[in-house]
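*Asks:* Here you go, one structure.
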Amino acid sequence: MKFPDHTVEKIGGTTMSRIRELRDTLIIGGRTGASLYYRIFVVSAFGGITNLLLEHKKTCEPGVYALFANDDNDHGWLDALTRVGEAMSEAHNGALDNPADRARAEDFVRDRIEGARSCLFDLRRLCSYGHFRLSSQMMLVRELLSGLGEAHSAFITSLMLQRAGVNARFVDLSGWRDESEYALEERIATGLRDLDLASEMPIVTGYAQCKEGLMREYDRGYSEVIFSSIASYTKAKEAIIHKEFHLSSADPALVGTDAVRKLGHTNYDVADQLSNMGMEAIHPNAAKILRQSNVALRVTNAFEPSDPGTLIDSQPARTPAVEIVTSIDAVALELFEQDMVGVKGYDATVLEALRRHKVRIISKSSNANTITHYVEASLKAVRRVTNDLERAYPSAQVSARALSIVSAIGRDLSGVRALGRGLAAFERAGVEVIAAHQTPRNVDVQFAVPRASAETAVAVLHAALLPETGQVQTSKAA
(Lines give C-alpha, C1' and ligand atoms only; values in the text may rest on other atoms or scores of the structure.)
Protein backbone atom coordinates (compact mmCIF):
# COMPACT_ATOMS: atom_id res chain seq x y z
CA MET A 1 0.00 0.00 0.00
CA LYS A 2 1.29 3.47 -0.88
CA PHE A 3 0.74 6.04 1.85
CA PRO A 4 0.34 9.78 1.10
CA ASP A 5 2.32 12.49 2.88
CA HIS A 6 1.37 12.19 6.52
CA THR A 7 2.67 12.29 10.06
CA VAL A 8 2.78 9.54 12.67
CA GLU A 9 2.21 10.99 16.13
CA LYS A 10 2.58 9.42 19.57
CA ILE A 11 0.86 10.41 22.79
CA GLY A 12 2.48 9.06 25.96
CA GLY A 13 0.73 7.66 29.01
CA THR A 14 0.90 10.67 31.33
CA THR A 15 -0.22 12.93 28.49
CA MET A 16 -3.03 10.51 27.62
CA SER A 17 -4.56 11.20 31.02
CA ARG A 18 -5.52 14.63 29.63
CA ILE A 19 -6.93 13.31 26.37
CA ARG A 20 -10.12 15.40 26.58
CA GLU A 21 -8.01 18.53 26.58
CA LEU A 22 -5.89 17.23 23.72
CA ARG A 23 -8.99 16.43 21.67
CA ASP A 24 -9.93 20.09 21.55
CA THR A 25 -6.42 21.47 21.03
CA LEU A 26 -3.85 19.09 19.62
CA ILE A 27 -6.04 16.62 17.68
CA ILE A 28 -8.89 18.80 16.43
CA GLY A 29 -8.01 22.38 17.36
CA GLY A 30 -9.07 24.69 14.55
CA ARG A 31 -8.97 21.93 11.92
CA THR A 32 -11.98 21.03 9.82
CA GLY A 33 -12.59 18.70 6.90
CA ALA A 34 -9.53 17.33 5.14
CA SER A 35 -7.12 19.21 7.42
CA LEU A 36 -8.08 16.83 10.24
CA TYR A 37 -6.56 13.87 8.49
CA TYR A 38 -3.27 12.56 7.08
CA ARG A 39 -2.26 11.81 10.68
CA ILE A 40 -1.78 8.44 12.39
CA PHE A 41 -1.93 8.54 16.20
CA VAL A 42 -0.18 5.88 18.28
CA VAL A 43 -1.29 5.92 21.92
CA SER A 44 0.11 4.56 25.16
CA ALA A 45 -2.06 3.29 27.99
CA PHE A 46 -3.63 5.89 30.25
CA GLY A 47 -1.25 7.07 32.96
CA GLY A 48 -0.66 4.46 35.68
CA ILE A 49 -2.42 1.56 33.93
CA THR A 50 0.76 -0.21 32.75
CA ASN A 51 2.18 0.11 36.27
CA LEU A 52 -0.90 -1.71 37.58
CA LEU A 53 -0.64 -4.37 34.88
CA LEU A 54 3.09 -5.08 35.22
CA GLU A 55 4.89 -3.33 38.08
CA HIS A 56 5.46 0.30 39.01
CA LYS A 57 8.22 1.63 36.80
CA LYS A 58 9.91 3.61 39.58
CA THR A 59 8.96 1.98 42.88
CA CYS A 60 8.74 -1.60 41.51
CA GLU A 61 5.48 -2.11 43.42
CA PRO A 62 4.08 -5.36 41.95
CA GLY A 63 1.21 -5.30 39.48
CA VAL A 64 -0.76 -8.18 38.00
CA TYR A 65 2.26 -9.66 36.23
CA ALA A 66 4.59 -9.61 39.23
CA LEU A 67 1.90 -11.02 41.54
CA PHE A 68 0.97 -13.74 39.07
CA ALA A 69 4.62 -14.72 38.70
CA ASN A 70 5.35 -14.89 42.42
CA ASP A 71 2.10 -15.74 44.19
CA ASP A 72 1.26 -19.26 45.28
CA ASN A 73 -2.46 -18.43 45.44
CA ASP A 74 -4.83 -16.64 43.12
CA HIS A 75 -5.96 -13.81 45.35
CA GLY A 76 -3.09 -11.37 44.82
CA TRP A 77 -3.15 -11.20 41.05
CA LEU A 78 -6.94 -11.54 40.87
CA ASP A 79 -7.42 -8.54 43.13
CA ALA A 80 -4.81 -6.63 41.12
CA LEU A 81 -6.59 -7.41 37.86
CA THR A 82 -9.85 -6.15 39.38
CA ARG A 83 -8.04 -2.92 40.32
CA VAL A 84 -6.89 -2.56 36.72
CA GLY A 85 -10.50 -2.77 35.54
CA GLU A 86 -11.54 -0.15 38.06
CA ALA A 87 -8.70 2.17 37.02
CA MET A 88 -9.63 1.75 33.36
CA SER A 89 -13.25 2.63 34.15
CA GLU A 90 -12.16 5.72 36.03
CA ALA A 91 -9.98 6.78 33.08
CA HIS A 92 -12.61 6.36 30.38
CA ASN A 93 -15.43 7.85 32.46
CA GLY A 94 -13.28 10.94 32.79
CA ALA A 95 -12.76 11.08 29.02
CA LEU A 96 -16.26 10.19 27.73
CA ASP A 97 -19.46 12.16 28.26
CA ASN A 98 -22.01 10.20 26.26
CA PRO A 99 -23.77 7.39 28.22
CA ALA A 100 -23.76 5.08 25.18
CA ASP A 101 -20.01 5.57 24.74
CA ARG A 102 -19.45 4.86 28.43
CA ALA A 103 -21.49 1.67 28.16
CA ARG A 104 -19.44 0.51 25.17
CA ALA A 105 -16.25 1.31 27.07
CA GLU A 106 -17.43 -0.73 30.08
CA ASP A 107 -18.22 -3.67 27.78
CA PHE A 108 -14.77 -3.38 26.20
CA VAL A 109 -13.01 -3.40 29.58
CA ARG A 110 -15.12 -6.29 30.84
CA ASP A 111 -14.31 -8.39 27.77
CA ARG A 112 -10.56 -7.73 28.01
CA ILE A 113 -10.22 -8.08 31.78
CA GLU A 114 -12.34 -11.21 32.04
CA GLY A 115 -10.62 -12.67 28.98
CA ALA A 116 -7.22 -12.11 30.58
CA ARG A 117 -8.47 -13.56 33.86
CA SER A 118 -9.69 -16.74 32.13
CA CYS A 119 -6.45 -17.04 30.17
CA LEU A 120 -4.30 -16.79 33.31
CA PHE A 121 -6.51 -19.27 35.16
CA ASP A 122 -6.17 -21.74 32.28
CA LEU A 123 -2.42 -21.24 32.16
CA ARG A 124 -2.06 -21.97 35.88
CA ARG A 125 -4.19 -25.07 35.49
CA LEU A 126 -2.14 -26.26 32.50
CA CYS A 127 1.11 -25.68 34.39
CA SER A 128 -0.09 -27.81 37.28
CA TYR A 129 0.88 -30.77 35.06
CA GLY A 130 4.51 -31.79 35.12
CA HIS A 131 5.17 -31.30 31.41
CA PHE A 132 4.50 -27.54 31.46
CA ARG A 133 6.43 -24.84 33.29
CA LEU A 134 4.93 -21.46 34.15
CA SER A 135 8.37 -19.83 34.01
CA SER A 136 8.64 -20.58 30.29
CA GLN A 137 5.36 -18.75 29.62
CA MET A 138 5.89 -15.61 31.69
CA MET A 139 7.18 -13.47 28.84
CA LEU A 140 3.99 -14.25 26.90
CA VAL A 141 1.96 -13.33 29.98
CA ARG A 142 3.80 -10.01 30.13
CA GLU A 143 2.99 -9.41 26.46
CA LEU A 144 -0.69 -10.27 26.97
CA LEU A 145 -1.07 -7.93 29.95
CA SER A 146 0.82 -5.08 28.31
CA GLY A 147 -1.54 -5.03 25.36
CA LEU A 148 -4.59 -4.51 27.57
CA GLY A 149 -3.66 -0.94 28.47
CA GLU A 150 -2.91 0.28 24.96
CA ALA A 151 -6.00 -1.40 23.49
CA HIS A 152 -8.19 0.32 26.09
CA SER A 153 -6.77 3.81 25.53
CA ALA A 154 -6.91 3.51 21.72
CA PHE A 155 -10.52 2.29 21.82
CA ILE A 156 -11.58 5.10 24.18
CA THR A 157 -9.80 7.75 22.12
CA SER A 158 -11.49 6.57 18.92
CA LEU A 159 -14.92 6.64 20.64
CA MET A 160 -14.31 10.14 21.95
CA LEU A 161 -13.20 11.46 18.56
CA GLN A 162 -16.06 9.81 16.72
CA ARG A 163 -18.50 11.53 19.07
CA ALA A 164 -16.75 14.83 18.23
CA GLY A 165 -17.29 14.30 14.51
CA VAL A 166 -13.89 12.90 13.56
CA ASN A 167 -13.84 9.75 11.42
CA ALA A 168 -11.49 7.92 13.79
CA ARG A 169 -10.69 4.23 13.37
CA PHE A 170 -9.58 1.99 16.22
CA VAL A 171 -6.59 -0.05 15.00
CA ASP A 172 -5.87 -2.90 17.40
CA LEU A 173 -2.41 -4.42 16.90
CA SER A 174 -2.51 -6.27 20.22
CA GLY A 175 -3.48 -9.62 18.63
CA TRP A 176 -6.45 -10.09 20.98
CA ARG A 177 -8.15 -13.41 20.14
CA ASP A 178 -6.21 -13.48 16.87
CA GLU A 179 -5.04 -16.97 15.93
CA SER A 180 -2.74 -15.67 13.18
CA GLU A 181 0.97 -15.27 13.84
CA TYR A 182 2.67 -12.25 12.31
CA ALA A 183 6.08 -10.65 12.27
CA LEU A 184 5.98 -7.03 13.41
CA GLU A 185 5.92 -5.51 9.93
CA GLU A 186 3.21 -7.97 8.89
CA ARG A 187 1.16 -7.05 11.96
CA ILE A 188 1.47 -3.35 11.10
CA ALA A 189 0.66 -3.95 7.44
CA THR A 190 -2.43 -5.97 8.33
CA GLY A 191 -3.64 -3.37 10.82
CA LEU A 192 -3.20 -0.45 8.43
CA ARG A 193 -4.55 -2.28 5.39
CA ASP A 194 -7.32 -0.44 3.49
CA LEU A 195 -6.90 2.76 5.45
CA ASP A 196 -7.85 5.98 3.71
CA LEU A 197 -5.71 8.60 5.41
CA ALA A 198 -7.50 11.36 3.52
CA SER A 199 -10.75 10.64 5.36
CA GLU A 200 -9.82 8.48 8.36
CA MET A 201 -7.78 9.09 11.49
CA PRO A 202 -6.24 5.81 12.72
CA ILE A 203 -5.90 5.52 16.50
CA VAL A 204 -3.35 2.71 16.87
CA THR A 205 -2.41 0.69 19.93
CA GLY A 206 1.11 1.38 21.19
CA TYR A 207 1.60 -2.36 21.63
CA ALA A 208 1.72 -4.95 18.83
CA GLN A 209 1.70 -8.72 19.26
CA CYS A 210 4.27 -10.28 16.94
CA LYS A 211 6.60 -13.25 16.51
CA GLU A 212 9.61 -11.25 17.67
CA GLY A 213 8.16 -10.58 21.12
CA LEU A 214 8.58 -6.88 21.90
CA MET A 215 8.86 -7.22 25.67
CA ARG A 216 11.91 -9.48 25.55
CA GLU A 217 14.01 -6.87 23.78
CA TYR A 218 12.39 -3.52 24.59
CA ASP A 219 10.27 -4.15 27.70
CA ARG A 220 8.57 -0.86 28.64
CA GLY A 221 10.01 0.92 25.59
CA TYR A 222 7.80 -1.07 23.22
CA SER A 223 5.32 1.73 22.43
CA GLU A 224 8.01 3.98 20.98
CA VAL A 225 9.34 1.08 18.91
CA ILE A 226 5.82 0.53 17.51
CA PHE A 227 5.51 4.25 16.81
CA SER A 228 8.85 4.34 14.99
CA SER A 229 8.12 1.12 13.09
CA ILE A 230 4.83 2.54 11.82
CA ALA A 231 6.53 5.79 10.78
CA SER A 232 9.20 3.78 8.97
CA TYR A 233 6.76 1.37 7.30
CA THR A 234 4.46 4.13 6.06
CA LYS A 235 7.37 6.43 5.10
CA ALA A 236 5.97 9.29 7.17
CA LYS A 237 7.17 12.78 6.37
CA GLU A 238 7.70 13.27 10.10
CA ALA A 239 7.35 11.33 13.36
CA ILE A 240 6.08 13.40 16.28
CA ILE A 241 6.12 12.63 20.01
CA HIS A 242 3.81 14.77 22.13
CA LYS A 243 5.09 15.15 25.70
CA GLU A 244 4.08 17.30 28.66
CA PHE A 245 7.11 19.54 28.28
CA HIS A 246 9.60 20.94 25.83
CA LEU A 247 13.04 19.46 25.38
CA SER A 248 15.03 22.17 27.10
CA SER A 249 18.61 22.95 27.99
CA ALA A 250 18.20 21.86 31.63
CA ASP A 251 15.62 21.27 34.31
CA PRO A 252 14.02 24.69 34.97
CA ALA A 253 13.59 23.74 38.64
CA LEU A 254 17.39 23.59 38.94
CA VAL A 255 18.57 26.47 36.76
CA GLY A 256 15.51 28.75 36.69
CA THR A 257 12.81 29.18 34.07
CA ASP A 258 14.45 32.33 32.72
CA ALA A 259 17.75 30.54 32.11
CA VAL A 260 16.58 27.47 30.18
CA ARG A 261 16.00 27.44 26.46
CA LYS A 262 14.10 25.09 24.19
CA LEU A 263 16.48 23.01 22.10
CA GLY A 264 14.58 23.73 18.89
CA HIS A 265 16.80 21.59 16.67
CA THR A 266 19.23 18.79 17.44
CA ASN A 267 20.19 15.41 16.03
CA TYR A 268 20.04 11.71 16.84
CA ASP A 269 23.55 11.78 18.37
CA VAL A 270 22.22 14.04 21.12
CA ALA A 271 19.07 11.91 21.48
CA ASP A 272 21.29 8.87 22.09
CA GLN A 273 23.31 10.70 24.73
CA LEU A 274 20.10 11.79 26.46
CA SER A 275 18.95 8.17 26.53
CA ASN A 276 22.26 7.17 28.08
CA MET A 277 21.68 9.77 30.79
CA GLY A 278 18.20 8.45 31.53
CA MET A 279 16.42 11.32 29.75
CA GLU A 280 14.83 9.52 26.86
CA ALA A 281 13.54 11.88 24.21
CA ILE A 282 12.91 8.55 22.49
CA HIS A 283 13.95 4.94 23.12
CA PRO A 284 17.36 4.40 21.46
CA ASN A 285 16.08 1.45 19.42
CA ALA A 286 13.16 3.55 18.21
CA ALA A 287 15.56 6.36 17.27
CA LYS A 288 17.64 3.85 15.32
CA ILE A 289 14.60 2.81 13.28
CA LEU A 290 13.79 6.42 12.41
CA ARG A 291 17.39 7.33 11.64
CA GLN A 292 17.87 4.37 9.32
CA SER A 293 14.58 5.17 7.58
CA ASN A 294 15.55 8.84 7.18
CA VAL A 295 12.45 9.97 9.10
CA ALA A 296 12.90 13.11 11.20
CA LEU A 297 11.52 13.17 14.74
CA ARG A 298 9.79 16.13 16.32
CA VAL A 299 9.27 16.37 20.09
CA THR A 300 6.57 18.84 21.10
CA ASN A 301 4.80 20.07 24.20
CA ALA A 302 1.33 18.57 23.69
CA PHE A 303 -0.27 21.45 25.56
CA GLU A 304 1.31 24.10 23.37
CA PRO A 305 0.13 22.81 19.96
CA SER A 306 1.10 26.00 18.14
CA ASP A 307 4.77 25.62 19.14
CA PRO A 308 6.83 23.55 16.67
CA GLY A 309 8.86 21.96 19.47
CA THR A 310 12.26 20.41 18.79
CA LEU A 311 13.24 18.75 15.51
CA ILE A 312 15.62 15.79 15.76
CA ASP A 313 17.25 14.65 12.53
CA SER A 314 20.63 13.56 11.20
CA GLN A 315 21.97 17.03 10.41
CA PRO A 316 25.21 18.20 12.06
CA ALA A 317 25.36 21.44 14.02
CA ARG A 318 26.14 24.63 12.14
CA THR A 319 28.08 26.00 15.10
CA PRO A 320 29.75 24.05 17.94
CA ALA A 321 27.82 24.53 21.18
CA VAL A 322 26.58 22.87 24.32
CA GLU A 323 22.85 22.24 23.98
CA ILE A 324 21.78 20.58 27.21
CA VAL A 325 23.07 19.88 30.72
CA THR A 326 21.65 17.00 32.72
CA SER A 327 22.56 14.52 35.44
CA ILE A 328 21.92 10.96 36.52
CA ASP A 329 22.53 9.10 39.79
CA ALA A 330 25.12 6.38 39.32
CA VAL A 331 27.39 3.96 41.14
CA ALA A 332 31.13 3.90 40.42
CA LEU A 333 32.17 0.24 40.42
CA GLU A 334 35.95 0.08 40.64
CA LEU A 335 38.20 -2.94 40.21
CA PHE A 336 41.81 -2.38 41.27
CA GLU A 337 44.37 -5.15 40.73
CA GLN A 338 48.09 -4.40 40.97
CA ASP A 339 48.90 -7.26 38.58
CA MET A 340 46.39 -6.16 35.94
CA VAL A 341 48.87 -4.21 33.84
CA GLY A 342 49.60 -6.00 30.57
CA VAL A 343 47.15 -8.83 31.32
CA LYS A 344 44.04 -9.37 29.20
CA GLY A 345 40.67 -10.59 30.41
CA TYR A 346 39.84 -8.36 33.36
CA ASP A 347 37.52 -6.09 31.40
CA ALA A 348 35.72 -9.04 29.80
CA THR A 349 35.10 -10.56 33.23
CA VAL A 350 33.64 -7.31 34.58
CA LEU A 351 31.40 -6.89 31.53
CA GLU A 352 30.13 -10.45 31.83
CA ALA A 353 29.25 -9.90 35.52
CA LEU A 354 27.41 -6.69 34.67
CA ARG A 355 25.53 -8.43 31.86
CA ARG A 356 24.64 -11.39 34.05
CA HIS A 357 23.09 -9.15 36.69
CA LYS A 358 21.47 -6.82 34.12
CA VAL A 359 23.34 -3.72 35.25
CA ARG A 360 23.34 -0.85 32.75
CA ILE A 361 26.63 0.92 32.01
CA ILE A 362 26.59 4.70 31.63
CA SER A 363 30.31 5.11 30.98
CA LYS A 364 33.68 3.64 31.91
CA SER A 365 37.33 4.55 32.32
CA SER A 366 40.52 2.60 32.95
CA ASN A 367 44.25 2.91 33.52
CA ALA A 368 47.09 0.45 34.00
CA ASN A 369 45.62 -1.37 36.99
CA THR A 370 42.12 0.05 37.52
CA ILE A 371 38.84 -0.34 35.64
CA THR A 372 35.90 1.85 36.67
CA HIS A 373 32.39 1.39 35.36
CA TYR A 374 29.78 4.04 36.09
CA VAL A 375 26.52 2.14 36.24
CA GLU A 376 22.83 2.77 36.81
CA ALA A 377 21.68 0.12 39.26
CA SER A 378 20.55 -0.50 42.79
CA LEU A 379 23.25 -1.06 45.40
CA LYS A 380 21.82 -4.57 45.81
CA ALA A 381 22.55 -5.40 42.17
CA VAL A 382 25.99 -3.82 42.41
CA ARG A 383 26.76 -5.95 45.47
CA ARG A 384 26.01 -9.07 43.43
CA VAL A 385 28.48 -7.93 40.79
CA THR A 386 31.03 -7.09 43.47
CA ASN A 387 30.72 -10.57 44.98
CA ASP A 388 31.27 -12.17 41.57
CA LEU A 389 34.38 -10.08 40.92
CA GLU A 390 35.85 -10.79 44.34
CA ARG A 391 35.45 -14.51 43.69
CA ALA A 392 37.05 -14.17 40.25
CA TYR A 393 39.93 -12.00 41.52
CA PRO A 394 40.58 -12.74 45.23
CA SER A 395 43.58 -10.41 45.41
CA ALA A 396 41.79 -7.47 43.78
CA GLN A 397 40.16 -4.54 45.56
CA VAL A 398 36.57 -4.07 44.40
CA SER A 399 34.68 -1.02 45.61
CA ALA A 400 31.38 0.72 44.87
CA ARG A 401 30.60 4.39 45.47
CA ALA A 402 27.29 6.22 44.99
CA LEU A 403 27.68 9.47 43.07
CA SER A 404 26.10 11.44 40.23
CA ILE A 405 27.23 12.11 36.68
CA VAL A 406 26.62 15.59 35.31
CA SER A 407 26.90 15.86 31.55
CA ALA A 408 27.06 18.65 28.98
CA ILE A 409 25.78 17.43 25.60
CA GLY A 410 25.75 18.90 22.10
CA ARG A 411 25.92 17.89 18.44
CA ASP A 412 29.43 19.35 18.21
CA LEU A 413 31.54 20.39 21.20
CA SER A 414 34.78 20.87 19.27
CA GLY A 415 36.48 24.09 20.28
CA VAL A 416 33.93 24.81 23.01
CA ARG A 417 36.41 23.77 25.75
CA ALA A 418 33.51 22.33 27.74
CA LEU A 419 35.78 20.14 29.86
CA GLY A 420 38.13 22.91 30.95
CA ARG A 421 35.42 25.53 31.40
CA GLY A 422 33.34 23.06 33.39
CA LEU A 423 36.22 22.19 35.71
CA ALA A 424 37.00 25.86 36.24
CA ALA A 425 33.36 26.64 37.02
CA PHE A 426 33.17 23.81 39.53
CA GLU A 427 36.39 25.00 41.17
CA ARG A 428 34.96 28.51 41.58
CA ALA A 429 31.69 27.14 42.98
CA GLY A 430 33.40 24.74 45.38
CA VAL A 431 31.90 21.63 43.76
CA GLU A 432 34.14 18.56 44.15
CA VAL A 433 34.83 16.72 40.87
CA ILE A 434 35.60 13.04 41.45
CA ALA A 435 36.33 12.31 37.79
CA ALA A 436 35.89 13.90 34.37
CA HIS A 437 35.68 12.35 30.94
CA GLN A 438 35.44 13.42 27.28
CA THR A 439 35.68 11.30 24.13
CA PRO A 440 37.19 12.38 20.79
CA ARG A 441 33.73 12.33 19.19
CA ASN A 442 32.97 15.61 20.98
CA VAL A 443 29.28 15.12 21.69
CA ASP A 444 29.37 15.01 25.48
CA VAL A 445 31.47 15.74 28.55
CA GLN A 446 30.85 13.94 31.85
CA PHE A 447 31.73 14.97 35.39
CA ALA A 448 31.38 12.60 38.35
CA VAL A 449 30.37 14.54 41.48
CA PRO A 450 29.03 13.65 44.94
CA ARG A 451 25.31 12.99 44.84
CA ALA A 452 24.64 15.77 47.30
CA SER A 453 26.21 18.22 44.81
CA ALA A 454 24.39 17.05 41.68
CA GLU A 455 21.69 19.72 41.52
CA THR A 456 24.17 22.50 42.25
CA ALA A 457 26.54 21.06 39.64
CA VAL A 458 23.84 21.15 36.94
CA ALA A 459 23.11 24.81 37.66
CA VAL A 460 26.82 25.71 37.75
CA LEU A 461 27.62 23.90 34.50
CA HIS A 462 24.58 25.33 32.71
CA ALA A 463 25.50 28.87 33.74
CA ALA A 464 29.10 28.34 32.59
CA LEU A 465 28.35 26.72 29.21
CA LEU A 466 24.97 28.21 28.26
CA PRO A 467 25.21 31.72 29.67
CA GLU A 468 22.57 33.30 27.43
CA THR A 469 19.00 33.18 28.69
CA GLY A 470 15.98 31.95 26.79
CA GLN A 471 12.33 31.40 27.52
CA VAL A 472 10.72 27.98 27.72
CA GLN A 473 7.23 27.69 29.16
CA THR A 474 7.53 24.30 30.77
CA SER A 475 7.14 22.71 34.15
CA LYS A 476 10.05 20.28 33.94
CA ALA A 477 12.95 19.20 31.76
CA ALA A 478 13.08 16.42 29.21
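The values are calculated or read from the model by the stated rules, or taken from the named source; none is laboratory data. Given the structure is predicted, the values throughout are model-derived calculations rather than measurements. Quick reminder, even Gly has a Cβ in these numbers, built from the backbone with ideal geometry, and neighbours come from all protein chains shown. Ligands, DNA and RNA are excluded from the accessible area calculation, which covers all protein heavy atoms including side chains. Shrake-Rupley method; radii C 1.70, N 1.55, O 1.52, S 1.80 Å.
*Asks:* Charges on Cβ only, +1 for Lys and Arg, -1 for Asp and Glu, centred on the Cα centroid of the chain; of Leu54, Val322, Gln137, which one is farthest towards the dipole's positive end?
*Replies:* Val322
*Asks:* Pull up all non-local amide H partners of Lys10: gap of 5 or more, or a different chain, and H-to-H distance under 5 Å with H placed in the peptide plane.
*Replies:* HN-HN under 5 Å from Lys10: Val42, Ile240, Ile241, His242.
*Asks:* At R0 = 22 Å, how high is the FRET efficiency between Gln292 and Arg360 if r is their beta carbon distance? Nearest 0.05 is fine.
*Replies:* For Gln292 and Arg360, the calculated efficiency is 0.40.
*Asks:* Tell me, what is the 1.4 Å probe accessible area of Ser306, in Å² to the nearest 10?
*Replies:* Counting only protein heavy atoms, Ser306 exposes about 120 Å² to solvent.
*Asks:* In whole Hz and in residue order, list the ³J(HN,Hα) couplings for the stretch 165-174 that follow from phi through the Karplus curve 6.51 cos²θ - 1.76 cosθ + 1.60, θ = phi - 60°; x for Gly and Pro.
*Replies:* After applying 6.51 cos²θ - 1.76 cosθ + 1.60, I find x, 8, 7, 8, 10, 6, 10, 9, 9, 6 Hz.
*Asks:* Just reorder Tyr233, Tyr268 by solvent-accessible area, largest first, 1.4 Å probe, all chains present.
*Replies:* Ranked list, largest accessible area first: Tyr233, Tyr268.
*Asks:* Under a 5 Å amide H to amide H cut-off, with H placed in plane at 1.01 Å, what residues pair with Ser248 once short-range neighbours are removed?
*Replies:* Leu263, Ala478
*Asks:* R0 = 30 Å: FRET efficiency of Val433 with Ser378, Cβ-based, nearest 0.05?
*Replies:* After rounding to 0.05, the efficiency reads 0.75.
*Asks:* What figure, in Å² to the nearest 10, do you get for the accessible area of Cys60 with a 1.4 Å probe and non-protein molecules left out?
*Replies:* Approximately 90 Å² of Cys60 is accessible to the 1.4 Å probe.
*Asks:* Provide the per-residue ³J(HN,Hα) series for the stretch 246-255, in order, calculated from phi with Karplus coefficients 6.51, -1.76, 1.60 and θ = phi - 60°, each as a whole number of Hz, with x at glycine and proline positions.
*Replies:* Couplings: 7, 6, 10, 6, 5, 6, x, 5, 9, 10 Hz.
*Asks:* Right, next: In debye, nearest 20: dipole of the stretch 130-208 around its Cα centre with unit charges on the Cβ of K, R (+) and D, E (-)?
*Replies:* Dipole of the stretch 130-208, to the nearest 20 debye: 320 debye.
*Asks:* Among the aspartates and glutamates, select those whose C-alpha is under 18 Å from the C-alpha of Lys235, and discard any that sit fewer than 8 residues away in the same chain.
*Replies:* Asp5, Glu9, Glu185, Glu186, Asp194, Asp196, Glu200, Glu224, Asp313
*Asks:* Using the Cα centre of the chain as origin and beta-carbon charges of +1 (Lys, Arg) and -1 (Asp, Glu), tell me which of Ile28, Leu389, Phe108 is placed farthest towards the positive end of the dipole.
*Replies:* My answer, from the dipole projection, is Leu389.
*Asks:* Let me cross-check Arg163: its accessible surface, 1.4 Å probe, with only protein heavy atoms counted, in Å² to the nearest 10?
*Replies:* 140 Å²
*Asks:* A follow-up question, please. On the accessible surface of the chain, probed at 1.4 Å, how many percent belong to carbon and sulfur atoms?
*Replies:* 47 percent
*Asks:* May I pose another question? Looking only at the stretch 23-46, which residues have a backbone nitrogen under 18 Å from a spot 7 Å from the Cα of Ala198 in the C-beta direction?
*Replies:* Those under the cut-off are 32-40.
*Asks:* Rank His437, His373 by accessible area, highest first, at a 1.4 Å probe radius?
*Replies:* So the residues, ranked largest to smallest area, are His437, His373.
*Asks:* Shifting gears a bit: What lysines does Lys237 reach when the alpha-carbon gap must be under 20 Å and sequence neighbours fewer than 8 apart in one chain are set aside?
*Replies:* Partners found: Lys2, Lys10, Lys288.
*Asks:* Residue farthest toward the positive end of the dipole of the chain, with Cβ of Lys/Arg at +1 and Asp/Glu at -1: which of Leu465, His265, Met340?
*Replies:* Of the candidates, Met340 comes out farthest on the positive side.
*Asks:* Right, here's the next one. Can you tell me the mean projection area, over all orientations, of the convex hull of the chain's alpha carbons? Units nm², please.
*Replies:* Taking the Cα atoms of the chain, their convex hull projects to 25.5 nm² on average.
*Asks:* Here is a further query. Give me the Å³ per residue figure for the convex hull around the C-alpha atoms of the stretch 187-293.
*Replies:* Normalising the Cα hull of the stretch 187-293 by residue number yields 134 Å³.
*Asks:* Here's another thing I want to ask about it. Enter the mean projected area of the convex hull around the alpha-carbon atoms of the stretch 1-97, in nm², rounded to one decimal.
*Replies:* Value for the stretch 1-97: 9.0 nm².
*Asks:* Now, a different point. Using helices alone, what [θ] at 222 nm do you get for the chain, with -39,500 (n - 2.57) per DSSP H run of 4 or more residues, divided over all residues and rounded to the nearest 500?
*Replies:* The per-residue figure over the chain is -12500 deg cm²/dmol.
*Asks:* Right, here's the next one. Below 8 Å, C-alpha to C-alpha, sequence gap of six or more: please give me the relative contact order for the chain in percent.
*Replies:* 15 percent
*Asks:* Shifting gears a bit: Using a 1.4 angstrom probe with every protein chain in place, what is the largest-first accessible-area order of Phe170, Phe245, Phe41?
*Replies:* Highest to lowest solvent-accessible surface, that is Phe170, Phe245, Phe41.
*Asks:* Which whole-angstrom value gives the distance between the alpha carbon centres of the stretch 15-41 and the stretch 130-202?
*Replies:* 20 Å
*Asks:* Report the extension gain between Thr319 and Thr349 in nm, rounded to one decimal, defined as 0.36 nm multiplied by the number of residues separating them, less their alpha carbon distance.
*Replies:* Value of the extension gain: 6.7 nm.
*Asks:* Explain nothing, just compute: Karplus ³J(HN,Hα) = 6.51 cos²θ - 1.76 cosθ + 1.60, θ = phi - 60°, for every residue of the stretch 261-271 in order, whole Hz, x for Gly and Pro.
*Replies:* Values per residue, Gly and Pro as x: 9, 6, 4, x, 8, 8, 10, 5, 4, 5, 4 Hz.
*Asks:* Can you give me the long-range amide H partners of Phe170? Hydrogens built in the peptide plane at 1.01 Å from N, cutoff under 5 Å, separation of 5 or more residues or another chain.
*Replies:* Excluding prolines and chain starts, which carry no amide H, the hits are Ile203.
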